[in-house]
Every structure is written in structure tokens, then in C-alpha cells.
Amino acid sequence: MSEKIGQLKLLAPDCKMRQTDIADTETLFRLIQSIPSPKAEPIKLWLAKIGYERLEEIQDPEITIERAVEYYQKKGYSESWINQRVKSIEVRKELTDEWKYRGVKEGLEFAILTDETSMLVFSHTRE
């Protein structure tokens, strides 16, 4: 696993640039799983809970929407804002499905189309 840990110079509290260990999220989760300390147990339990929830969402995607709505409610967003957010996700999905149908590749091509669409939409709202 050590081959997946890199080094990056970051500003330290003493205002000097110091080499700092870095890793992607997946590598960090694997590291946490390998820690034998009882102090790591709460994080391991949380990761297991999140993994279980993700599997539930794969089996029933509606759970994802329900959890998102609950999350936004806890953050204090209004019902109208939440409904608009859910609707915008649905519209985005319809749009990207159409792009896929027409042969657009995810990644850079999606990013370019998203950027172009945003520029068109937001330039018209300013007029």
C-alpha cells in the first residue's frame, strides 16, 4: 500500500514548505482498516455503516433521494429549495442520458457540454 502514498510540499505551521504524506480517499480508507488500535474502531464502524448504506442505495436508488432530502432538511434548507434541488438533479440526469444516447463520452466531453450549456443559460438570464 505504501506505493499509493505520495509526497506533496505543503505550508507548515512554521510557514516553511514541508514534505507531507498524501493519499487518495480509497487508500486512506484502506489504511484506517489496517490500524489495529481500538481507537480506530469507531471510524471502522462508521466506514462499515457507510458501505452498507451505499449497497442499499445500489439496490434501491430511491433511498439515495430520501437520504439527500433528509440531509438537506437537517442543514435547514427550505422545502422549496429541496424540491428545486431534486428536480435539477432529475433534469441533469435526463440531459446526460440524452448526451450518452447521442454518443457523448463522459469526462471531458461532458465537462465541455456542461460548461457551454451553463454559459448559454446564465448569459441569457443576465439580459
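Each reported figure results from applying straightforward, stated rules to the coordinates on display, with no laboratory input. Keep in mind it's a predicted model, so treat the numbers as computed, not measured. Ideal geometry is used to build each Cβ from the backbone, glycine not excepted, and the neighbour counts take in all protein chains shown.
Structural remarks
- Cross-link partners of LYS39 among lysines (Cα-Cα below 26 Å; sequence separation of 8 or more within a chain): LYS4, LYS49
- Share of pairwise Cα separations in the chain, more than 21 Å, in percent: 69 percent
- Annotation for segment 25-127: chymotrypsin sites (Phe, Trp or Tyr not before Pro) lying in DSSP loop with at most 16 further Cβ atoms inside 10 Å of their Cβ are TYR77.
- Partners of LYS105 within straight-line reach, counting aspartates and glutamates whose Cα lies under 20 Å from its Cα and excluding those fewer than 8 residues away in the same chain: GLU90, GLU94, ASP97, ASP115, GLU116.
- Comparing LEU120, GLY103, ILE65 along the charge dipole axis of segment 61-127, the residue lying farthest to the positive side is ILE65, per the Cβ-charge model.
- Helix axis angle, 79-101 relative to the chain longest principal axis, alpha carbon, degrees: 80 degrees
- Relative to the longest principal axis of the Cα atoms of the chain, the long axis of helix 25-34 makes an angle of roughly 40 degrees.
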